[in-house]
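What follows draws every value from the coordinates through simple rules; no lab data is involved. Everything numeric in this text was worked out from a predicted model, so none of it was measured. Note that each Cβ is placed from the backbone with ideal geometry, even for glycine, and that neighbours are counted across all protein chains shown.
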Amino acid sequence: MQIRLSVPEDLPALTAIYNEQVLNGVATFDTEPKSLTERQTWFDSHQHPRYPLVSAVVDGRVAGWGSLSPFHTRPAYSPTTEFSVYAHIDYRGRGIGSSLLADLLRRAREAEFHSVIGVISAGNTVSLALAEKYGFREVGRYREVGRKFEQWLDVVSVQLML
């Protein structure tokens with residue numbers, strides 16, 4: 001497996017991985033699939049050294065992606081970043097998420113972030129366990145803030161101090 005900065009040619013695969021969760025999972029609270037045009041804007045927003053977008057590549061195929069994003073737009077939040085990690089359905093359980101998160105944390109340290117935040121659906125136990133493995137701790141829980149698949153969803157905020 002190779003973890004590298006995402007390139008424009010990755011965009012269709014990155015979009016497909018995301019849209020699978022839009023349609024079938026609770027890793028995102030989006031409910032309508034995103035177009036390549038919409039995701040191009042997202043991709044472009046991650047062409048900044050401080051907020052990278054990385055792809056996990058296995059046998060020449062994009063098997064997952066991860067990103068660091070601004071936690072909030074107000075300047076005083078700039079020492080904090082938010083992470084996202086998604087694995088292709090065919091590659092789950094193979095360490096893709098772990099490799100992506102390890103890479104993102106290395107990049108966050110290099111960028112001299114002070115804190116990394118994750119905002120994870122409480123029903124996404126795999127992602128919560130992954131965050132815990134890397135030292136993240138639950139710092140808050142929002143009860144029934146989302147509704148998807150005819151169920152109320154809680155959101156857990158996790159944080160790692162670097």
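The residues Asp90, Asp30, when put in order of fewest to most other Cβ atoms within 10 Å, stand as Asp90, Asp30. Remark: Glu150, Glu20, Glu110 ranked as Glu150, Glu110, Glu20, counting other beta-carbon atoms within 10 Å and listing the fewest first. With point charges of +1 on the Cβ of Lys and Arg and -1 on the Cβ of Asp and Glu, referenced to the Cα centre of the chain, which listed residue (His114, Asn124, Val145) lies farthest in the positive direction of the dipole? Farthest towards the positive pole: His114.
Per-residue ellipticity at 222 nm, computed for the chain from helices alone with -39500 (n - 2.57) per DSSP H run of at least four residues, works out to -9000 deg cm²/dmol.
Let me know the shape class of the range 81-162, please: from the alpha-carbon gyration tensor, a ≥ b ≥ c as square roots of the eigenvalues, rounded when a/c is under 1.5, otherwise prolate if a/b is greater than b/c, or oblate. Verdict is oblate for the range 81-162.
In terms of the mean number of neighbouring beta-carbon atoms within 10 Å, the peptides 48-55, 151-158, 33-40 order highest first as 48-55, 151-158, 33-40. Of the residues Thr81, Thr73, Thr15, the one that moves most in a GNM of the chain with alpha-carbon contacts below 10 Å is Thr73. As a length-normalised measure over Cα pairs under 8 Å and 6 or more apart, the relative contact order of the chain settles at 19 percent. DSSP assigns beta bridges within the chain; of those with both partners inside it, close to 90 percent run antiparallel. Spin-label pair Leu36-Arg143: with each label point 7 Å from Cα along the Cα-Cβ axis, the two points sit 4.6 nm from one another. Each of Ser45 and Val126 was given a label point 7 Å from its Cα along the Cα-to-Cβ line. The distance between the two points is 2.5 nm.
Run the dipole for the range 49-162 about the Cα centre, Lys and Arg Cβ at +1, Asp and Glu Cβ at -1, nothing else charged, and hand back the magnitude in debye, nearest 20.
Here the size comes out at about 80 debye.
Take every DSSP beta bridge whose two residues both sit in the range 65-124; close to 65 percent of them are antiparallel. Per residue, the convex hull spanned by the alpha carbons of the range 1-84 comes to 106 Å³.
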